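Right, one structure below, let's go through it.
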Amino acid sequence: MKLSVCIPVFNFDVRRLVSDLAQEISRKKIDAEIILIDDASEDYFQEKNSEITPRVNSYIFLQENIGRSAIRNMFLRYASGEWLLFLDCDAGIVSENFLSKYLEFFAQNPEATAVYGGFSEDGAQRTLRNYYSAKREVPALAARRKHPHTSLKGINFAIRRDVFAKINFDERISTYGYEDWMLGYSLAKNEFPVDHIENPVLHLDKTTDAEFLKKTECSMRTLARLLKDKQYADAISGMKIAKAYRLLSNLHLAKHFSELFNVFEKPVKRLLLSGNYFIPLLDFYKILLLCSLMEQDMD
């Protein structure tokens with residue numbers, strides 16, 4: 001059984017990640033290939049990462065950034081394995097048996113279609129991004145298994161090639177946010193199960209607090225577009241923040257929250273960037289921003 005390790009790269013040093021994977025492949029004689037696609041990274045990162053070209057099977061450099069969904073779908077052109085293992089470029093390997101554990105699961109569960117290994121946060125990094133992720137995005141295995149499709153994250157998951165050829169990332173979502181959710185929804189809608197195992201990577205995200213707020217704002221713009229597009233109505237109906245917005249809208253309060261955004265935007269951002277992290281405050285900021293965006297013409 002051949003495994004294709006697929007790593008989309010953007011402005012991150014992946015030398016250690018590739019080295020750790022290549023060592024396990026060599027040490028255990030695993031039938032696997034490592035494929036990198038660089039989404040138009042800065043020259044600095046392209047030069048650094050070019051050092052590991054001899055250790056990968058394919059390394060493709062894109063001239064223009066095509067986004068998180070499209071680049072992941074592109075791996076189908078280059079991968080030859082029965083299973084595709086997607087790893088974010090800021091993932092760190094913490095187990096010498098990382099690939100082996102996936103392969104053992106595939107062998108023991110021949111009917112499996114998609115598998116999520118999970119991730120943990122880097123405790124050495126005290127940032128708003130890591131604090132939020134630890135509180136909201138890293139549930140225990142038992143909790144993940146209760147909501148298998150909505151718990152799926154793109155940082156560390158495997159999917160059978162024939163399934164991914166049918167159900168892949170929605171390229172209509174070209175901006176940051178919710179591509180993972182939509183993949184999980186599509187798998188659920190088409191009755192493809194998602195299994196969960198304890199085989200985490202370490203999230204080595206180096207996003208500053210200011211950068212994380214910008215990403216959060218971008219994700220809210222993405223969600224606003226989805227909310228305004230009726231074809232996504234069923235897909236996003238289970239999102240907590242979408243439910244919150246619809247409740248406010250039904251109560252005719254969304255416009256008032258939009259007006260509050262103009263009042264609270266600067267003081268709330270100042271508090272969020274102060275280093276004293278309070279997740280409910282971030283939730284408050286997100287719903288205010290979403291209500292504001294829903295009042296705007298975003299075309």
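The values are calculated or read from the model by the stated rules, or taken from the named source; none is laboratory data. Predicted model, so just to flag it, every value in this text is computed and none were measured. Heads up, the Cβs are rebuilt from the backbone with ideal geometry, glycines too, and the neighbour counts pull from every protein chain shown.
Details
- Among the residues examined, Ile52 qualifies as surrounded by 19 or more Cβ atoms within 10 Å (Cβ to Cβ), more than 23 Å from Gln108 (Cα to Cα) and either more than 18 Å from the chain's Cα centre (by Cα) or at pLDDT below 95 (or both).
This table checks each residue for (1) surrounded by 15 or more Cβ atoms within 10 Å (Cβ to Cβ); (2) touching a His at 6+ places or on another chain (Cβ under 8 Å); (3) modelled with pLDDT under 95.
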{"site": "Leu85", "(1), (2), (3)": "yes, no, no"}
{"site": "Tyr102", "(1), (2), (3)": "yes, no, no"}
{"site": "Phe106", "(1), (2), (3)": "yes, no, no"}
{"site": "Tyr116", "(1), (2), (3)": "yes, yes, no"}
{"site": "Ser120", "(1), (2), (3)": "no, yes, yes"}
{"site": "Leu128", "(1), (2), (3)": "yes, no, yes"}
{"site": "Ile159", "(1), (2), (3)": "yes, no, no"}
{"site": "Lys166", "(1), (2), (3)": "no, no, no"}
{"site": "Glu171", "(1), (2), (3)": "yes, no, yes"}
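- The residue list Ser4, Ser69 contains one member that is on the phi < 0 side of the Ramachandran plot, in contact with a helix residue (DSSP H, G or I) (Cβ under 6 Å, 6 or more places away or on another chain), of a type outside the set (Asp, Glu) and not in a loop (DSSP other than H, G, I, E, B), which is Ser69.
- Residue in region 15-33 that is among the basic types (Lys, Arg), at pLDDT 95 or above, under 26 Å from Lys206 (Cα atoms) and part of a helix (DSSP H, G or I) present: yes
- Top-ranked residue of region 133-152 - restricted to ones that are surrounded by fewer than 21 Cβ atoms within 10 Å (Cβ to Cβ) and touching a helix residue (DSSP H, G or I) at 6+ places or on another chain (Cβ under 6 Å), ranked as farthest from Gly275 (Cα to Cα): His149
- Test: residue in region 242-256 that is in a helix (DSSP H, G or I) and more than 28 Å from Tyr277 (Cα to Cα): yes
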